[in-house]
Amino acid sequence: MKSTPARPLQPNDRRASIAVDLGAESCRVSLLRWSDAQPSIQLVHRFANNPRELDGGLRWDLSCIVNGVEAGLRKCADVAPEGIRSIAVDGWAVDYVRVDAAGIPLADPFCYRDPRNAISERSAHRKISQERMRELTGIQILSLNTVYQLHADQIASIAEAQQWLNLPEYLLSHWGGARVAEYTNATHTQLVELYIKQWCREIFQALNLDLASAPKIVPPGTDLGKLSGPLSELPAFSDTTLIAPACHDTASAIAGIPATGNDWAYISSGTWSLVGTLIEQPRNNAAAQADNFTNLGAVGDRICFHKNVNGMWLIRQCLDEWRLRGRDWNIAELVAEAEKATCPEGLIDVDDPDLLLPERMPQRINTQRAKRGLAPVDESPTAAPALASLIFHSLAERYAQVLDRVALLTGKRLKRLFIVGGANQNTFLNRLTQEATGLEVFRGSPESSTIGNFAVQLATLDGTRDSVTGAHAEPVAAWAGLFMEALGENPPAAN
């Protein structure tokens with residue numbers, strides 16, 4: 001293999017940059033600084049984030065999010081007397097804030113887990129079929145997608161004519177940036193026409209949604225203007241540029257992989273495992289639709305072609321059950337013991353819909369095994385390593401099945417697999433995955449979304465972007481490699 005792709009040694013402006021990563025459980029504010037042409041990345045502020053029941057719905061506490069992030073920004077200003085060159089925000093997709101003409105929020109945003117979405121999905125498909133929506137957008141049908149949330153607003157007579165902004169883009173506009181929908185985030189709304197890459201008029205018309213309330217779609221790496229308002233009164237923020245990175249955190253995580261070439265796939269590993277590859281053109285034929293692969297926007301005018309696979313949700317639910325039974329397993333300890341344990345015969349179907357539900361996970365696993373004529377596994381906390389081993393072996397086998405389909409559907413000859421996200425620290429699962437897939441496995445960064453966020457910022461600020469397609473892929477990958485080294489991680493070799 002060749003060495004890491006050629007990369008810039010230093011930026012043309014050594015002021016600091018900030019990456020905000022919004023998570024559905026916690027939000028993070030990280031600072032990138034330069035010393036002797038070498039970068040350093042520091043997690044400056046982190047705070048919990050959870051939805052709560054309010055006004056008859058499950059909603060996010062928008063003030064908590066804004067105040068928490070701004071507390072982090074102020075801490076960054078204190079840490080970086082050289083000043084802040086840029087700020088960019090990524091986060092989970094689909095949820096949005098409705099604002100009035102002045103940009104003031106009308107209410108706390110709904111959470112994608114609100115039960116109204118299932119009702120809305122059924123109502124929407126009486127007006128336009130699932131098959132037609134999939135054909136138009138290339139996106140897997142999920143009740144949490146923004147299209148169903150907007151339709152739910154309509155059913156509830158919520159001010160549909162008021163503009164809406166996805167959460168990362170809302171924060172950027174709140175600080176003075178232009179009101180936009182960044183392309184990677186926009187695709188997850190299921191309202192973007194796949195090949196045209198603009199809002200799909202047919203869907204808007206079928207559901208009687210107001211196209212004028214949708215913000216302008218812009219590519220990743222778009223300069224949204226200068227920060228203004230109270231924060232700009234701090235000396236560090238006197239000349240700070242607001243940038244829309246890949247606002248969808250998964251797209252940022254994939255942008256954080258310092259790889260080039262066409263022979264690699266990825267797994268973004270966490271509660272869910274997103275298993276797929278980057279492609280130049282969408283794949284939305286009958287086979288891709290039947291396998292429920294999705295075509296989401298990616299940096300470099302490419303497509304994240306992947307499938308959702310159940311992930312560490314299975315282990316976390318088991319841990320909760322064992323805790324109730326008196327044993328509080330540490331995940332690192334459990335993984336180490338699982339590697340020594342004998343795996344029970346017969347793997348499980350990790351994508352069984354029953355295993356997507358909360359609570360009683362060991363019992364749910366045994367229910368599936370009974371249906372398949374397999375012997376039950378010991379559900380007790382003392383036997384946890386064996387059950388964990390079963391889950392990890394089953395996940396690895398499922399990854400292999402999906403990656404076989406990825407290769408078939410895309411025509412790629414895959415050789416390398418990059419695993420990013422917090423669960424990529426599970427070395428046992430990584431080894432099993434390498435054995436099951438036959439691919440060379442590289443561990444990317446657990447903080448890959450932050451790395452991708454910074455990489456797009458630097459590619460934008462140093463001019464390696466196009467006004468139509470956004471930040472270029474190779475410079476972003478080069479910056480990502482440099483930032484992995486800054487975090488003390490070895491970037492994987494390039495093709």
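When the charge dipole of the stretch 390-495 is built from unit charges on Cβ atoms (+1 for Lys and Arg, -1 for Asp and Glu) and taken about the Cα centre, the candidate among Ser448, Val420, Ala407 whose Cα reaches farthest toward its positive end is Ala407. For the stretch 1-156, the solvent-accessible area works out to 43 Å² per residue, with a probe of 1.4 Å and every protein chain left in place.
Here the stretch 420-444 is scanned for amide nitrogen atoms under 15 Å from the site 7 Å beyond the Cα of Asn490 along Cα-to-Cβ, giving 441-444. For the residues Phe305, Phe110, a 1.4 Å probe over the protein chains yields an accessible-area ranking, largest first, of Phe110, Phe305. Among His151, His125, the order of accessible area from largest down is His125, His151, computed with a 1.4 Å probe on protein heavy atoms. Accessible surface comparison of Ser228, Ser26, probe 1.4 Å, protein chains only, largest first: the order is Ser228, Ser26. Within the assembled protein chains, the solvent-accessible surface assigned to Tyr399 is about 10 Å², based on a 1.4 Å probe. Each Lys or Arg adds one and each Asp or Glu subtracts one; over the other residues with Cβ under 9 Å from the Cβ of Leu439, this totals +1. Taking every DSSP bridge with both residues inside the chain, close to 70 percent are antiparallel.
Candidate cross-link partners of Lys415 among the aspartates and glutamates, defined by an alpha-carbon separation under 20 Å and a same-chain spacing of 8 or more, comprise Asp263, Glu280, Glu397, Asp404, Glu435, Glu440, Glu474. Averaging 1/r over each pair of different alpha-carbon atoms in the stretch 237-340 and inverting the result gives 16.6 Å, the Kirkwood hydrodynamic radius.
Which aspartates and glutamates does Lys216 reach when only Cα atoms under 19 Å apart count, and residues fewer than 8 places away in its own chain are ignored? List returned: Asp90, Asp95, Asp100, Glu160, Glu169, Glu182, Glu193, Glu202, Asp301, Asp466. Ile279 sits among other residues whose Cβ lies under 9 Å from its own Cβ, and their net charge, with Lys and Arg +1 and Asp and Glu -1, is +2. Expressed per residue, the C-alpha convex hull volume of the stretch 75-171 stands at 146 Å³. Packing, taken as the mean count of other beta carbons within 10 Å per residue, orders the peptides 419-425, 272-278, 81-87, 374-380 from highest to lowest as 272-278, 419-425, 81-87, 374-380. Between Gln281 and Glu333, the simple spin-label model (points 7 angstrom out along Cα→Cβ) gives 5.5 nm. Exceedance of the 26 Å cut-off in Cα-Cα distance is limited, within the set Lys75/Lys197; Lys197/Lys412; Lys75/Lys226; Lys307/Lys412, to Lys75/Lys197. Using a probe of 1.4 Å, the accessible surface attributed to Arg201 totals some 150 Å² when neighbouring protein chains are kept in position. Name the residue from Thr294, Cys318, Trp479 whose Cα lies farthest towards the positive end of the charge dipole of the chain, charges +1 on Cβ of Lys and Arg and -1 on Cβ of Asp and Glu. It is Thr294.
Think of each Lys and Arg Cβ as +1 and each Asp and Glu Cβ as -1; about the Cα centre, that makes the dipole of the chain roughly 580 debye. The DSSP beta bridges internal to the stretch 1-146 are antiparallel in roughly 75% of cases. Accessible area of Asp210 (1.4 Å probe, protein heavy atoms only, ligands and nucleic acids ignored): about 50 Å².
Summarised as an ellipsoid, the stretch 330-459 has semi-axes of 29, 19, 14 Å, derived from the eigenvalues of the Cα gyration tensor scaled by 5 and square-rooted, with the largest first.
For the stretch 174-200, the residues whose backbone nitrogen is under 16 Å from a point 7 Å from the Cα of Ser232, taken along Cα to Cβ, are 174-179. What the Kirkwood sum gives for the stretch 138-280 is a hydrodynamic radius of 17.0 Å, with every pair of different alpha carbons counted. Protein heavy-atom surface of the stretch 131-203, 1.4 angstrom probe: 51% of the accessible area is carbon and sulfur, with nucleic acids and ligands not counted. Span-like helix criteria (full DSSP H runs; alpha carbon extent of at least 18 Å along the helix axis; mean Kyte-Doolittle hydropathy of at least 0.5) are satisfied in the chain by 62-79, 384-410, 448-461, 473-486. Distance between the 7 Å Cα→Cβ label points at Glu82 and Leu356: 4.7 nm.
The values are calculated or read from the model by the stated rules, or taken from the named source; none is laboratory data. A quick note: this is a predicted structure, and the numbers were derived from the prediction, not measured. Ideal geometry is used to build each Cβ from the backbone, glycine not excepted, and the neighbour counts take in all protein chains shown. To get the accessible areas, we keep the full protein, side chains included, count just its heavy atoms, and leave off ligands, DNA and RNA. Shrake-Rupley method; radii C 1.70, N 1.55, O 1.52, S 1.80 Å.
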